[in-house]
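Contents: one structure, followed by commentary.
The values are calculated or read from the model by the stated rules, or taken from the named source; none is laboratory data. If you're wondering where the values come from, they're calculated on a predicted model, not measured in any experiment. Heads up, the Cβs are rebuilt from the backbone with ideal geometry, glycines too, and the neighbour counts pull from every protein chain shown. Remember, those area values only see protein heavy atoms, side chains included, never the ligands or the DNA or RNA. Shrake-Rupley method; radii C 1.70, N 1.55, O 1.52, S 1.80 Å.
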Amino acid sequence: RNKLLGAWAAEVKGLDEDRIEEYVREVVKSDFQEAGDEDVFRKLKADLEGLVDEKAIRSKMNECLQSARDKLSKS
(Lines give C-alpha, C1' and ligand atoms only; values in the text may rest on other atoms or scores of the structure.)
Protein backbone atom coordinates (compact mmCIF):
# COMPACT_ATOMS: atom_id res chain seq x y z
CA ARG A 1 0.00 0.00 0.00
CA ASN A 2 2.69 2.48 0.93
CA LYS A 3 4.58 1.94 -2.32
CA LEU A 4 1.38 2.68 -4.23
CA LEU A 5 0.76 5.75 -2.06
CA GLY A 6 4.28 6.98 -2.60
CA ALA A 7 3.98 6.62 -6.36
CA TRP A 8 0.66 8.49 -6.34
CA ALA A 9 2.02 11.30 -4.16
CA ALA A 10 5.13 11.57 -6.31
CA GLU A 11 2.91 12.03 -9.35
CA VAL A 12 0.81 14.67 -7.56
CA LYS A 13 4.00 16.49 -6.58
CA GLY A 14 5.25 16.32 -10.17
CA LEU A 15 8.52 14.63 -9.27
CA ASP A 16 10.81 13.54 -12.07
CA GLU A 17 11.62 9.87 -12.64
CA ASP A 18 14.96 10.09 -10.83
CA ARG A 19 13.27 11.29 -7.64
CA ILE A 20 10.20 9.00 -7.65
CA GLU A 21 11.91 5.86 -6.31
CA GLU A 22 13.60 7.81 -3.55
CA TYR A 23 10.32 9.45 -2.56
CA VAL A 24 8.49 6.10 -2.52
CA ARG A 25 11.16 4.79 -0.12
CA GLU A 26 10.61 7.85 2.10
CA VAL A 27 6.88 7.12 2.28
CA VAL A 28 7.51 3.45 3.11
CA LYS A 29 10.00 4.42 5.85
CA SER A 30 7.53 6.89 7.35
CA ASP A 31 5.32 3.95 8.33
CA PHE A 32 7.91 2.75 10.86
CA GLN A 33 7.55 5.80 13.13
CA GLU A 34 4.53 4.45 15.04
CA ALA A 35 1.81 1.81 14.88
CA GLY A 36 -1.12 2.52 12.60
CA ASP A 37 -1.55 4.75 9.59
CA GLU A 38 -1.23 8.22 11.08
CA ASP A 39 2.52 8.48 10.53
CA VAL A 40 2.09 7.91 6.78
CA PHE A 41 -0.91 10.24 6.71
CA ARG A 42 1.05 13.06 8.40
CA LYS A 43 3.90 12.71 5.91
CA LEU A 44 1.57 12.80 2.93
CA LYS A 45 -0.42 15.68 4.39
CA ALA A 46 2.74 17.75 4.88
CA ASP A 47 4.21 16.83 1.49
CA LEU A 48 0.98 17.45 -0.43
CA GLU A 49 -0.12 20.61 1.36
CA GLY A 50 -1.86 22.90 -1.10
CA LEU A 51 -2.14 20.13 -3.67
CA VAL A 52 -4.76 17.79 -2.18
CA ASP A 53 -6.92 17.87 0.93
CA GLU A 54 -7.01 15.47 3.88
CA LYS A 55 -10.10 13.69 2.59
CA ALA A 56 -8.40 12.93 -0.73
CA ILE A 57 -5.33 11.55 1.05
CA ARG A 58 -7.40 9.28 3.30
CA SER A 59 -9.45 8.13 0.33
CA LYS A 60 -6.30 7.30 -1.61
CA MET A 61 -4.88 5.46 1.40
CA ASN A 62 -7.99 3.24 1.47
CA GLU A 63 -7.91 2.76 -2.30
CA CYS A 64 -4.23 1.74 -2.25
CA LEU A 65 -4.81 -0.63 0.66
CA GLN A 66 -7.61 -2.37 -1.24
CA SER A 67 -5.49 -2.51 -4.38
CA ALA A 68 -2.59 -4.08 -2.47
CA ARG A 69 -4.95 -6.63 -0.89
CA ASP A 70 -6.39 -7.48 -4.30
CA LYS A 71 -2.91 -8.01 -5.75
CA LEU A 72 -1.93 -10.29 -2.85
CA SER A 73 -5.08 -12.37 -3.09
CA LYS A 74 -4.45 -12.98 -6.81
CA SER A 75 -0.90 -14.22 -6.22
Checklist line | Asp70 surrounded by fewer than 14 Cβ atoms within 10 Å (Cβ to Cβ) and either free of Cβ contacts under 8 Å to residues at least 12 places away in the same chain or assigned to a helix (DSSP H, G or I) (or both) | finding: yes
Item checked: Selected residue (criterion: nearest to Ala7 (Cα to Cα)) from residues of region 20-75 that are touching a Ser or Thr at 6+ places or on another chain (Cβ under 7 Å) and not aliphatic (A, V, I, L, M) -> Lys43
Check: So is Asp18 acidic (Asp, Glu), at pLDDT below 95 and either in a loop (DSSP other than H, G, I, E, B) or out of contact with any Lys or Arg (no Cβ under 9 Å at 6 or more places or on another chain) (or both) or not?
Finding: yes
Notebook entry, point to check: What do you reckon, is Lys3 open to solvent by 80 Å² or more (accessible area, probe 1.4 Å) and within 10 Å of the chain's Cα centre (by Cα)?
Noted result: yes
Checklist line | Residue selected from region 55-67 under the condition open to solvent by 70 Å² or more (accessible area, probe 1.4 Å) and polar (S, T, N, Q), by the criterion farthest from Gly36 (Cα to Cα) | finding: Gln66
